Every structure is written in C-alpha cells, then in structure tokens.
Amino acid sequence: MQMANLIPVAKSVGANRMVPTISIPYPLGDPATSKEQQFKLRYHRVGVALDALTTDIQEQTVFKVKI
Amino acid sequence: MKLELGNFFVQDIVFGAQTAYVEGILTINKEEALAVVKEDEHITEADLVIVKPGDMVRLVPVKEAIEPRHRIGGGPIFPGVTGDLMQAGNGRTLALKDCSVLVVGQHWGGFQDGLIDMGGEGAKYTYYSQLKNIVLVADTDEEFERYEQQKKNRALRWAGMRLAEYIGSCVKDMEPETVETYELAPVTKRTAEENALPNVVLVLQPQSQMEELGYNDLLYGWDCNRMVPTFMHPNEVIDGAMISGSFMPCSSKWSTYDFQNFPMIKRLYQEHGKTINFLGVIMSNLNVALEQKNRAALFVAQMAKSLGADAAVVAEEGYGNPDADFIACIVALEDAGVKTVGLTNECTGRDGASQPLVALDEKANAIVSCGNVSEMIILPPMETVIGELQSLARDGLSGGWNHDAILGSSVREDGSIIMENNAMFCGDQVVGWSTKTMVEF
Amino acid sequence: MKKAILYLNQFFGQIGGEELADHAPEIREGLVGPAMELQKQLGDDVQVTHTIICGDNFMGSRTQEALDTILSFLEDKEFDIFFAGPAFRAGRYGSACGNICKTVKEKFNVPVITSMNDENPGVEMFKKEMYIFKGGASAAAMRKDVAAMAKFGLKILNSEELKSADEEGYYGRGVRSQIWMESPVPATDRVIDMLLKKVQGQPFKSELPIPPSDLIPIAPAIGLGDLSKLHIAVVTSGGIVPVGNPDRIQSASATKWGKYHIADKYDLIGGEYQTIHAGFDPAAANADPDVIVPLDALRAYEKEGKIGGIHPYFYSTVGTGTTQAEAARMGREIAAELLAAGIKAAILVST
C-alpha cells in the first residue's frame, strides 16, 4: 500500500491502496506542531495504512483519515 | 494601465572609461560597475566579462539573467526587491535589448544553477547564447550554504539586479530607438469589438515550492509560497513585479530576464483586439501539499469564471510534483467551462519511456510541450570556461553528477561534458521562446 | 556491403498454406518470395543474404524451440539488419514476426524492422520493442509495405537522422524525445493556434497526447487475523539514508537504492539519518526522519500486537527526476528481496 501526499500521482502510476499524507517534505508530521501531535498523526495514518492492507477493494481506493 | 517599453538595441559591449550607450555600443566602466556589485559586503570577489554569440565560452554555474533597465521618473526596476514598493507596469521603462546581465558563481553551484555554451553545438540549448552578455563572476561569504545543494544565492542574485540597474541607468536621459506600448483598458471598460472576442486569461504558476523563505520567485518582493492566486495586469509582470527564484532544476526555471520579456504575454497582447480579448494574468503558484495545490486550482478557476474567461493558457515553472498543480489547474478550469491550453515541458527520462507528466488527466487535451528535462547531452570541451566547470559534477546541479558507474563524471578529464538537459540554463523556455517540441519515436 | 536477413512464414516462404503451418524453421541462402522485392528496394548497397522460413503454428505452439533453432541458424551469419514480414493482418504471422524480431534484437543487437496492419494483434504486443511499420490489410500492399521497411532500414544503415514515428510511418514505441522543429515555430505561436482552434471548436492536435492509464492488478487483502503475524516492511522514495549517504544514492534522477538495518532502532533520529532528496525542503525530515519513515509508529503497533513485527531493513531511494523505467526496476529489485525474506506487506511512503 502507498502513503502519499500526491494522490493524483499515486493514482496515475497505478497504486491501488492509498492513504494520504500531509505534504511532500514531511508526509507524516507537521514540524509546526508539537512532537506529540506529530506522533499522534503519524500513528493514526500508519494505522489506517495497516487496516487498508486487510481491506478488500474492487478498484483504486483512497482510505479516509481523521487526523 | 499603460506601459511604454523604450528600447535601445545593443550591437556591441565594450569596457571603457565611462558607462554609456552611444549608437548601439554599450560601454561599461568596469571599476564603477564592480563598485556597485560590492555595495553588498557579502560579495568577496567579483569580476566582469563580456561574452557574445559564437564565442567558444562555457559558463557554469549560471544563477540568474537580468535585462538592464531604467525606470523613467525614478524608482527601482524591481519594486519591493531592489528598492521601495511601487506600482510596476505603468509609465515608461527603458531597456537595453539583445543583452543581459548573467550571474555566474566563481566556484560554487547548486541544484538550481545551469550551464550556457555561447558557441558550438551546445549553444542551441539555451536562449542566452543569442544575447550579448555582461557576465558577473563572483563569490560570497555565505558560508551557511557554500556546500549546500540548495542555495538561495541571495548576494549574487541581488548583485546582478543592482548591476542591471546601474547599466540601465546610462540611457536615462536618452530617447529610445523604438517604443512598444502595452495597454489594456480595465476589464469592464473594454470596447464592443474587444468584448465580442473570446476572453482569455493567462495563468502563471511560478516556482514557489520551498517553505523556507529566500528560495522562491518573488512578487513585489513577496514570497510566492505565501500567497494564494491573485489577478494581475500583464504589464506588472513584464515591468519588474516578478523576479526569479533559486529553486528547481534549471532548464525548467524562468529567469528574471524571462519574466521581463515574457513572450507568451507579448504574444497574447499581439492577438488582443484581433482574435482575443486578453483579460489579464492570474498569478498562481506551485505548492508541496495536495490541499494547497487544490486550493490554488480552486482560486484560479473561480477568478477565471468571475472574469468571464472563455479560454485560458496555463504555464508551469517546473516539473515533477508541480505537474500535479498544473493538471489540477487545467482540470478545474475545464470543469468551469474555460477552454484551456497548457504550456509545459516533460520528464520522459533518459530513455524517453517515462510518463511525460507525473499527473495526467484526459481533460488536459491541449498541451504545447517544450522539451524533455532528462534528455542526455554530450558536448566537447570549450576553449574558455567562466565560473568553475567542476561545479556541474561536484555541486549537485540538477543535470550533473559526480559519479556514475557507467557514465563516469559529468565533467570529463578533457573538459568535455555529459549532462541532462535539466542543467541547461532556462533551457526549456516554457515562457514561450521554445522551438523545441516533443514527439514519439 | 551491408547484409540483411528476412523472416517469412510458410505461406510467403512458398512452402504452402494452412496445411503446412507446422513447417519447422529453415534457412535458405538467397531470396525467397518477398525477399526479392526487399532486395530490389534496398538497392545495390545492401545484400539480402538469407531467407528464414517457419510455419506459423510451429512458431505459435513451439515458440522457444523455433526461436532457439533460428538463433542457431544466425550464429555464424554476418548481418547488419533483420527484417520480418510484412505480416499484414495475419495474427499468428504478426506475433511470429514480433517474437523473432525481439529475440534477434536481444541476442545480436542489430536493428529489427517489421510491418503489420493496425488490426494485427502483434502491434499491441510488440510495438514498444521494435519498429513496426503501418502496413496494409492484405498481400495487395506487399510492394508498398516492403518499400517502407526498406527505406527506413537504409536510413538506419546510413546513420541518417530518424524522424518521429508519425513521420516515418511506424507505430510509436512510447518513447518521447525533444526535437527542434524543422521550420521553427515558437511555443507562443503554437499556443495561440491551439487556443483559437479549441475556442472555435475546430480540430487541434495536442503535443502531449494523454496515454491511457496503467492499471495494476489489485493485491488480495490480508486476512483479518493474519496482520498480527506478519512483518511489515517500509520502503520510501523520500531519500532517507544514514548520515553520509553510504551507498551514494543520487539526490535526483536516482538509479540506486539502499537498505538500512533498523532492527535495533526504536525510531530514526535526526543526525543519524537524513534525507538526500533534492526535490523538496529537507529541513523537517532531517530534524525527524520518522516523518518519512514512520518507524516509531510501527514500533508502537508492534508492541500492541497489531502487527507481528517490522522487517529489519528499510529500503530507500530518491523519487525526483527518477525515470519510470528506473523506478520500476528498483521497485522490482526491492520487491524481490522482500519476497525472498518472506515479507507479505509493505508500506511505501512517497514524498
């Protein structure tokens, strides 16, 4: 599964399971926020990615994140 | 808004006792010019060299190109950058044509710097081999970035702008040889004839992807990373409101000279009142997060729609992830019913087999393409090198490399070079000069 | 004198029709059937020395044997170029021409040229790998199709400048390169021309036709109870490497990848790891490489038992300016290593 900020790019090269990240230079933790907040976001999105691996899909799918 | 560009056509450049322009001959007092360069104490060493089309000279690392100009009535040629903030695009500006100030690092280059061959087979790869150039070769004490691949090049770029202002000022009391007039009535005050024509906007996506300040293109001195798309009069762009930045592989970059002479803007002016009604420029930007890219596209489409645009031209300064901004913008415009043509270069790889843009959409069905950034170029040694040839290999120029198991170094022992088009100074000329295109083999 | 060899099927090789489609490969000195026309079109500077003939069914059903036999015929022959067909609309013949051209090109590194009608399935199968000229539907087009192959073959042999697929008349191979236009038209004029045509609803031709997107088969989901038993691998195109970049991975247009041992790491610390990616501002990732390789988050899931563990190495390369072909190769190499290590799930973090 792919974690990417540029979902349109991931789609056009053919990724099937995608979880969005927050930016190109720092996909999983905004340096403007606290270390705790960064970890929280990273933990959440990696968790979504792990769940995506166990999810049956029929077409290219972008999994929703909450934070 | 009415801009008069008063032109002086430089036929030759020489050094001499007094900086002056007389009947096509531009004379530069080198000492005086270098004193202007060294007004900034960060410039530690500096020299000036004159190069002309056909000279067997290789320039590298080239950081910037600027057209020497002078603003009649006072004021900086780059408001908010080289002087106080003021409205650009109105009144009269004088320009020394067919020449540019080129800024070259005496030793150190970076990702964003490029190469120019003034003569020989390499000359065709950049626009600047056709110009007579005053080359500023200099070094600085900016130790924090000396060995960094990404350089702001601030002292050198600003020195180039000061030099262009100094040289331009030698025609301040003279009548220009020709005058080009650029004038558009306010959007709601156009003639019936103009209003009957298809309404066209030009959308520009200048380079603004560094989140740290100091690397991006500036709009009236404002970092383009910190803006959302805005509506501008095209005269502002060609009269010094925009300056080039110091980020992005070089063949994709738009130099300050490119902004000052923006061929696509001038071409739209030519059609204005004949085949189109040129509404103006939507100045967008390029971003590093999908949400930012989509936000910019949303602003552009709304603005085009509110202005009543029937058609748009979208041009991007860059490739790679900026293609996502480019395609998102075209798709948003098409979805808003604005018929859009894209203007870009491609990255199809050294083998030509890669996907041309990293994002694609079938709505982007009208694209003019200006070249392949990763085309491989091999050039023979050059008699004279200005700057430092090793910078191409050593300093991480986007089209150079220090070591490759098969190809060796970009700079060979005999002084010949092997590089990607990526490092050709503003080589893809997406601003509109390009006579290159892409075809399938 | 340059030399050429031509491949034909049993029908054009004058062995016989469908009933003789099992004919085993043979090589004859000199010219058979269309080889005469090819020789005529190539002129005096190139000699067609041999004709190879093989039955379409033989090539279709015993492909490897046919190819090996033909390669053995060619081993002691001198030739500068290889032709096959024209195959017109004949599907098995088109596929045979594609197969033999591909094999000859790989083995002998000589130019290979064939010709097929656009409805021949061989076109889609092989057009990326060789020059396939746009041919007629039937043998009525023989002379014209042979002439096109010969003309282009001569250009290659004489090292003349080769034009685009459209201009030359072969199917595009998916290779896009920059050219300077013969009569230079600046991009500005091309934009205005396209814009006016688009506005007026007239036909226009984009210089960048959008290719159909590549869909990749979807991997089946991991069974719900299985995740807690699996080791997860992390791969990134974000250029995270140990400080000093021991594998000298390029900062742009990468052709190399590295793998770095993390079995004893709880997270990646700035100062020990950095990004060498030149395409973005590296400040955030250098300060905390976990924002690209989320090792700390994965360790937390490992501790909770949501996943069985983390693969002891993470894999890294740089995505900026990197060609699709290189990226795909590196991806295959990394995937092969992961599969060999028994890894069934990976997270690819791109920047």
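Cβ separations smaller than 6 Å between residues 6+ apart or across chains give the following pairs from the stretch C:126-154 residues that are assigned to a helix (DSSP H, G or I) to residues that are buried (at least 18 other Cβ atoms within 10 Å of the Cβ) and of a type in the set (Ser, Thr, Tyr): C:Asp145/C:Ser115; C:Met149/C:Ser115. The set of residues from the stretch B:80-98 being in contact with a Lys or Arg (Cβ under 9 Å, 6 or more places away or on another chain) and touching a residue at least 12 places away in the same chain (Cβ under 8 Å) comprises B:Thr82, B:Ala88, B:Gly89, B:Asn90, B:Gly91, B:Arg92, B:Thr93, B:Leu94, B:Ala95, B:Leu96, B:Asp98. Note on the stretch B:333-362: residues that are at pLDDT 95 or above, more than 9 Å from chain C (Cβ to nearest Cβ) and either buried (at least 24 other Cβ atoms within 10 Å of the Cβ) or not in a helix (DSSP H, G or I) (or both) total 4.
Looking across the stretch C:230-246 at every residue that is assigned to a loop (DSSP other than H, G, I, E, B) and closer than 23 Å to B:Ser354 by Cβ, the one that is nearest to the other protein chains (Cβ to nearest Cβ) is identified as C:Ser237. Which of the residues that make up the stretch B:19-54 are in contact (Cβ under 8 Å) with a residue 40 or more places away in the chain, small (Gly, Ala, Ser) and not in a helix (DSSP H, G or I)? The answer is B:Ala20, B:Ala46, B:Gly54.
The residues on offer are B:Gly6, B:Gly75, B:Gly16, B:Gly24, and the sole one that is touching a Pro at 6+ places or on another chain (Cβ under 6 Å) and over 30 Å from B:Ala423 (Cα atoms) is B:Gly6.
One residue stands out in the stretch C:157-166 among those that are more than 8 Å from chain B (Cβ to nearest Cβ) and of a type in the set (Asp, Glu): the one that is surrounded by the fewest Cβ atoms within 10 Å (Cβ to Cβ), namely C:Glu161. Of the residues B:Leu218, B:Leu184, B:Leu156, the single one that is surrounded by 21 or more Cβ atoms within 10 Å (Cβ to Cβ), under 28 Å from B:Asp310 (Cβ atoms) and in contact (Cβ under 8 Å) with a residue 12 or more places away in the chain is B:Leu184. Give me the pairs, please: first residue somewhere in the stretch B:119-138 and closer than 18 Å to B:Phe259 by Cα, second residue anywhere and of a type in the set (Ser, Thr, Tyr), beta-carbon distance under 6 Å, and either six or more positions apart or on two chains. Listed by first residue and then by second, the contacts come to B:Leu131/B:Ser100; B:Asn133/B:Ser100. May I ask you to verify whether C:Leu67 is modelled with pLDDT of 95 or more, more than 17 Å from C:Ala21 (Cα to Cα) and out of contact with any strand residue (DSSP E or B) (no Cβ under 9 Å at 6 or more places or on another chain)? Criteria not met by C:Leu67. The criterion of at least 3 residues that are more than 21 Å from C:Gly98 (Cβ to Cβ) is met, among strands (runs of 3 or more DSSP E) falling completely within the stretch C:2-88, by C:46-54.
Within the stretch B:319-332, the set of residues being more than 19 Å from B:Thr230 (Cα to Cα) and more than 10 Å from chain C (Cβ to nearest Cβ) comprises B:Asp323, B:Ala324.
For first residues located in the stretch C:175-203 and at the interface with chain B (Cβ under 7 Å from one of its Cβ atoms) and farther than 20 Å from B:Phe441 by Cβ, partners that are crowded, with 17+ Cβ neighbours inside 10 Å and of a type in the set (Lys, Arg) and lie 6+ apart or on another chain with Cβ distances below 7 Å form the pairs C:Thr188/B:Arg267; C:Ile192/B:Arg267; C:Lys198/B:Lys339; C:Val199/B:Lys339. Within the stretch B:364-377, is there a residue that is more than 7 Å from chain C (Cβ to nearest Cβ), in a strand (DSSP E or B) and either more than 30 Å from C:Lys198 (Cβ to Cβ) or of a type in the set (Ser, Thr, Tyr) (or both)? Yes, the stretch B:364-377 has at least one match.
The values are calculated or read from the model by the stated rules, or taken from the named source; none is laboratory data. None of these values were measured; they are calculated from a predicted model. Using ideal geometry, Cβ is built from the backbone for each residue, glycine included, and neighbour counts are taken over all protein chains shown.
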